[in-house]
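A.B. asks: Sending over a structure as structure tokens; questions will come in a sec.
The values are calculated or read from the model by the stated rules, or taken from the named source; none is laboratory data. As the structure is a prediction and not an experimental result, all values here were calculated from the model. Neighbour counts run over all protein chains shown; Cβ positions are idealised from the backbone, glycine included.
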């Protein structure tokens with residue numbers, strides 16, 4: 001967890017309705033790639049920790065017997081349920097709770113997944129709990145984007161957010177003076193996991209983002225969630241839309257990075273494809 005910052009329930013308050021439109025999708029086929037790497041099938045169970053509106057949970061559901069999404073934000077879970085119902089997905093379950101509540105009574109899983117959420121947790125505590133929830137061959141998994149330079153418009157949005165909210169990044173009721181922590185490899189090694197296995201799933205399609213897309217992206221973020229602006233929300237959105245104009249904003253979809261760690265006594269090697277290696 002970030003130095004000097006404590007989690008609170010407003011971290012993503014009001015962000016859930018903006019996720020689907022605002023966030024860029026993961027690379028096509030990433031869920032099938034992960035399922036193949038771990039040998040998931042109809043007998044498998046997966047847990048998506050910090051599931052948000054269920055993006056990864058729902059993508060993995062067709063590849064497993066049961067997928068559970070865990071999140072402390074009621075708005076996120078409501079959106080996840082709505083999306084599951086729209087898609088007719090019936091082998092998912094949504095649980096209110098934090099990563100620090102694990103293992104709880106959820107049982108064991110072939111994979112426990114964190115899609116850009118592990119950095120918000122008490123990582124040493126959570127990693128140790130996850131290790132106890134995995135059978136032989138199970139894996140702690142992180143899913144995220146391969147970092148690439150962003151279009152200049154994102155820097156302009158960030159500057160506008162700072163003008164409205166101040167120079168230090170906001171997060172819930174607190175601030176992130178030094179950002180969120182990294183070096184998950186060290187955390188997971190301390191917990192007893194083996195070395196990281198890295199899979200890159202290529203993307204690369206160029207899409208045109210609209211002003212509405214970028215407004216939704218802004219409000220889907222913890223540092224510019226709607227509640228942070230209070231009674232100045234309408235003023236901020238007016239300034240944001242003035243900045244953005246009509247668009248469009250072409251953007252290349254980033255590759256998806258999957259990193260997985262198995263318990264030290266059950267390590268395996270995943271054979272990278274040439275396409276994955278080329279995308280790194």
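A.B. asks: Only one of (1) modelled with pLDDT under 85; (2) out of contact with any helix residue (DSSP H, G or I) (no Cβ under 6 Å at 6 or more places or on another chain); (3) surrounded by 14 or more Cβ atoms within 10 Å (Cβ to Cβ) is not met by residue 270, so which one is it?
C.D. replies: Just one mismatch for residue 270, condition (2).
A.B. asks: Taking residue 14, is it touching a helix residue (DSSP H, G or I) at 6+ places or on another chain (Cβ under 6 Å), at pLDDT 95 or above, more than 14 Å from residue 115 (Cα to Cα) and not in a helix (DSSP H, G or I)? So that I can check it myself, show each step before the final result.
C.D. replies: Working: touching a helix residue (DSSP H, G or I) at 6+ places or on another chain (Cβ under 6 Å): yes; at pLDDT 95 or above: yes; more than 14 Å from residue 115 (Cα to Cα): yes; not in a helix (DSSP H, G or I): yes.
Against the criterion (touching a helix residue (DSSP H, G or I) at 6+ places or on another chain (Cβ under 6 Å), at pLDDT 95 or above, more than 14 Å from residue 115 (Cα to Cα) and not in a helix (DSSP H, G or I)), residue 14 qualifies.
A.B. asks: I need the full set of residues from segment 108-127 which are surrounded by fewer than 17 Cβ atoms within 10 Å (Cβ to Cβ) and either farther than 16 Å from residue 12 by Cα or in contact with a helix residue (DSSP H, G or I) (Cβ under 6 Å, 6 or more places away or on another chain) (or both), in order please.
C.D. replies: Result: 108, 122, 124, 125.
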